[in-house]
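A short worksheet on the structure shown next.
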Amino acid sequence: QAPAGSKPGERMVVDARELVYDKDNNTVSAVGDVQILYQGRTIEADRVVYDRQSKRVVATGNARITESNGTVITGDRFNLTDDFRDGFIDSLRVVNTDKTRFSAPRAERTDGEVFVFDKGIYTACEPCVDQPERPPFWQVRAARIIHKKAEQMIYYEEARLEFAGVPIAYIPYMSGPDATVKRKTGFLAPKFLNTSALGYGFSLPYFINLAPNYDLTLTPTYLTRQGFLGQAEWRHRFVNGSYNIRAAGIFQQDQKAFLASPFGAGDDKFRGSVETSGKVFLNPRWNFSWDVAAATDRFFFKNYRIRSESITASTYLQESTSTVSLNGQTADAWFDMRGYYFQPLTYYDWQKQQPIVGPVVDYNKRIHKPSMIGGELSFTVNITNLTREAASYKALTPNDQRYLIATPSYSLFDGCAVYQKNQCLVTGLAGSIARATAEVDWRRNFIDPIGQVWTPYASVRADVFSINPNTTKYANTNVATIADPSDEVFGRAMPAVGLMYRFPFIASTSWGTHIIEPVAQVVARPNETNSLRVANEDAQSLVFDDTNLFEWNKFSGYDRVEGGSRANVGLRYSGTFGKEAYANLLVGQSYHLGGRNSYASGDLVNTGLNSGLDTRRSDYVAKAQFQPFKGLLLQAGGRFNESTFETQRADASATFSYKFLSTSIGYSRYEPQPDLGITRRREGLSISQSVSFAQYWSVRGNVLFDLDKYKYDRERYRDALALYQQYPASYSNPIYPNTGPFQTASASVGLRYQDECTIFDVSYSQSYADRQAGSTKDTRTVMFRLELRTLGEISYSQNLGATSTGDGVASSSR
Amino acid sequence: CFQPLYGEGTVSRVGGNVRNAMLGIEVPEIKGLVGHYLRNELVFEFDGGGEPDRQKILKLTATTRETLEVITVDYANGRADSAVLVATVDWQLTRAGSNETVATGQSVVRAPYERSQQRFASLRAARDAQVRAAKELAQLIKARVAAALVAG
Amino acid sequence: CGRRGPLEPPPNAKNAIDLPDQQTGAVEDSFNASEASPLGKPAKRNKAIEIPEKPFILDPLL
């Protein structure tokens, strides 16, 4: 080894086949797969010549330096100072720790930290394995690239962005943080936007890195038609949680782009929104979270494409739900207390008809095998307290449509023609409604020697209601003719005693294991009281199927409780075939034995009627699942009339996924339920498909067919015809609708390219979710996204519909 | 041929009969609402009796996932008038102490519910669908665990 | 230009817990999983969060 270098302690370890001392030109050269370790850097080359005179080191022949931080620099010829820090490198390539790459015919490194690449190329893509010389998918070719390690910055001069060797964009000067930087103040990737109401939009977010655990992002957006939209987002993280606050606001230039109130926010000059969401972990069992959003008008979020966590993702659940919640959980206990505020996003929905709920408490505690009695004790508590300003109704015969607000120019919000119990449902009572429910259940499995399972069951439940309807403002007075509008506090108790009998059999054959289990339940209870006085808020939905066949109380909420004596009988089959394949089946029926059938006595929303349980012998329910191999799952379930076996409800689905193919199909068909105001058959078919090909490419598409729209059109036609025949002078003769069954409720298709350094995604989506009664156009949106790893993301969303009048947006003149 | 699953003579792969093997299954906490109801239904199904706890020789761990599917839509107001809650559970039955897998699987339940103009009612219907799905998943998983326990 | 990375725990905090990705904005720059095709990035399993044991008034309920 040749000790060199100024610092006495620094030892340089040189390992080579031979060392040649050349006295006359005073050089020392190591020859033959040389390896030198010095100051944490390793230098490898075929030949390293050290010129004592000029104190320069020249390494040639697949020379390579590996820095202490893992950066690898290779080149044909290195001409460096004797401590290998500075110098020139010919035709070099640098691979950084985050797999980004520099290459250049010539580069110079000065004082060990500034690297200047002449005619350098930067890319984040891996070179093609089999043809390394092929240009990577994208690269930035610049006259000079300067990487300042101390500043952790990379500067590009006269840069050209090239895709597969083809120059796409020319950027005179560009700079960005290097691989070691996670958070850096500066501009982020621009975003583009185009909708008919806003014009073309260009937004350039500016990120301010105030501290490692809090920051501010300001996003100014210039919109050609509406002017300047300002958005700000504050993010803050502390020891056991984090939260963010978002605000947006604009002084609209062209208010005519939006319909006048109440169909749009055309009258507002300033429009904006503020939102905060966060979550705090109090201890391993408890967390507190909130997501509260408010806007100047209900259309702002969608008109200006403001991203809000309070808006549910699916196109058909469009409302902003603000919630604050405290949640606690251990292995056998669940506690959840929360409040809700609902902001519907379409003019069709009246915000005052939505309740402000606070608090709603759900608590469930289990004690497994309590001493002396054994089995399982379960404590359940629910407290619900809500207020509503305007009552909401639903006509049982919606053909003769009436509205709550009828003015010469418009009419809004469903009302009833006749406000009588058998003609009109009260889906939401105005005023304040509160209920507290507590229930104790006990059950225990007794298994006799031959394998029969007897499960006695006992339960006591008590509810206290406090209902003070408000019949003063809006259309609230109409409630008086339907239900008793007096303020009152009343209670309800429901003791129950029951027994469940199961006798499972098992047979294992060579090809599979089968389990057949007959199940029978019988329960005795008094009748449910006061069902007519209850404003049913949380138990409006009742779907009798395999999941509640063996529930002791089949109502979906606490406002109603199942009374009278009842028996549920069914047969359950479960087969497993090998590791992955399985099948199961459940068929059953429920019998009302005595007392008053809770499902035959409707409340203010007639829950229970037309549910299949409202007859002495209930409808049959069945559910089957079959997974022949991993990747294909077929499911079907249904409810069949107890006398005619006609299908009342059918749900079917198939999901298939195999290496590059993934399909999922869902079909539903529900017969009309006239007592609930559902007069038409509801039917839908949803298909989503994605295929990936050529390693990085994938195509995805999904379409939702609304199979009952043609029946809706025919009904409208029948009404219009009836009107025309009644008053031929003032109404025109309607034409027969020729809409076929396959109407697309929503469709979207997307193409995606994704490899280790690029995400390119273009998607088109169309839906009539945002269209409201009276407007014709659907909102069509194109989303374009190009993300070059480490360079930032460019995304652009354009709404194709030139004249879209959904969401309070006036049809555009342009 | 068929024999009672909980009969004394129905031998299990892990020793003793299926009945006692099930008494030896421990089910740790599963996070979330579906997790709470699934875990506690499984604990009752495996050992809902009165005898003192047996030594736990098996452990059933599970993770849950829920998604929502919209299939029927009301054209007049552009709103989903029903939805289907799809709850998926990936479960593993392992020997206590070692992580030797006795059985693994994925179980799925689709629980449809009605939606209405009242958002609170739709929200509570979705919550009830989660609870129903969790209880049905417990039955499906119990059956597949029982099948896995039965000797060859 | 800048770079908007995920939030880090406060510098002086002793036992700061590592939060799930979406809560620290870690997924800010990567694409939204629901937009990606199911064959895209596999759903990220969020890491177990170790939270220091501290009593809470409602603990007796559980």
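The values are calculated or read from the model by the stated rules, or taken from the named source; none is laboratory data. Small disclaimer: the values here were computed from a predicted structure and weren't measured. Cβ sites come from the backbone with ideal geometry, for glycine too, and all protein chains shown count toward neighbours.
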*Within the set of pairs 6+ apart or on separate chains, which have a first residue in region B:1-30 that is without any contact (Cβ under 8 Å) to a residue 40 or more places away in the chain, a second that is hydroxyl-bearing (Ser, Thr, Tyr), and C-beta atoms under 6 Å apart?*
B:3/B:10; B:17/B:10; B:19/B:6
*Inside region C:37-55, can you point out the residues that are surrounded by 15 or more Cβ atoms within 10 Å (Cβ to Cβ) and either more than 7 Å from chain A (Cβ to nearest Cβ) or modelled with pLDDT of 80 or more (or both)?*
C:51
*How about region A:484-531: which of its residues are in contact (Cβ under 8 Å) with a residue 40 or more places away in the chain and aliphatic (A, V, I, L, M)?*
A:494, A:496, A:497, A:499, A:500, A:515, A:516, A:519, A:520, A:522, A:523, A:524
*Would you tally the residues in region A:490-524 being loosely packed, with under 14 Cβ neighbours inside 10 Å and not in a strand (DSSP E or B)?*
3
*Only one of A:321, A:387, A:380, A:346 is modelled with pLDDT of 95 or more and crowded, with 17+ Cβ neighbours inside 10 Å; which?*
A:380
*Mind listing whichever residues of region B:83-114 are more than 7 Å from chain A (Cβ to nearest Cβ), in contact with an Asp or Glu (Cβ under 6 Å, 6 or more places away or on another chain) and of a type outside the set (A, V, I, L, M, F, W, C)?*
B:106
*Please enumerate the residues belonging to region B:49-84 that are over 30 Å from residue A:448 (Cα atoms), hydroxyl-bearing (Ser, Thr, Tyr) and modelled with pLDDT of 90 or more.*
B:63, B:64, B:72, B:82
*Output the number of residues of region A:573-584 satisfying the condition of being outside any loop (DSSP other than H, G, I, E, B) and free of Cβ contacts under 8 Å to residues at least 60 places away in the same chain.*
4
*With A:534, A:561, A:587 as the choices, which residue is in contact with a Gly (Cβ under 9 Å, 6 or more places away or on another chain) and either among the β-branched types (Val, Ile, Thr) or not in a loop (DSSP other than H, G, I, E, B) (or both)?*
A:587
*Considering region A:537-552 alone, what residues qualify as being more than 8 Å from every other protein chain (Cβ to nearest Cβ) and buried (at least 24 other Cβ atoms within 10 Å of the Cβ)?*
A:549
*Answer from A:77, A:85 - the residue that is assigned to a strand (DSSP E or B) and either more than 30 Å from residue A:788 (Cβ to Cβ) or touching a Ser or Thr at 6+ places or on another chain (Cβ under 8 Å) (or both)*: A:77
*Considering only region A:312-419, give the strands (runs of 3 or more DSSP E) lying wholly within it that have at least 3 residues that are free of Cβ contacts under 8 Å to residues at least 40 places away in the same chain and within 11 Å of chain B (Cβ to nearest Cβ).*
A:319-330, A:333-344, A:356-368
_Matching residues in region B:98-123 - criterion: being under 30 Å from residue A:555 (Cα atoms) and of a type in the set (Val, Ile, Thr)_ = B:108, B:109
_Scan of region A:607-654 for residues that are assigned to a strand (DSSP E or B) and under 26 Å from residue A:594 (Cα atoms), ordered by number_ = A:617, A:620, A:621, A:622, A:639, A:640, A:648
*Before we move on, is residue B:45 outside any strand (DSSP E or B), touching a residue at least 24 places away in the same chain (Cβ under 8 Å) and among the charged types (D, E, K, R)?*
yes
*Qualifying residue in region A:329-342 (condition: farther than 27 Å from residue A:419 by Cβ and polar (S, T, N, Q))*: yes
_I need a count of the residues in region A:135-168 that are over 20 Å from residue A:755 (Cβ atoms) and of a type outside the set (Ser, Thr, Tyr)._
18
*Give the residue that is nearest to the other protein chains (Cβ to nearest Cβ), with candidates limited to residues of region A:134-187 that are free of Cβ contacts under 8 Å to residues at least 24 places away in the same chain and closer than 19 Å to residue A:112 by Cα.*
A:155
*Among what's in region B:117-139 and is touching a helix residue (DSSP H, G or I) at 6+ places or on another chain (Cβ under 6 Å) and among the small types (Gly, Ala, Ser), pick the residue that is surrounded by the fewest Cβ atoms within 10 Å (Cβ to Cβ).*
B:138
*Tally, over region A:230-260, of residues that are without any contact (Cβ under 8 Å) to a residue 40 or more places away in the chain, away from every other protein chain (no Cβ under 14 Å) and part of a strand (DSSP E or B)*: 4
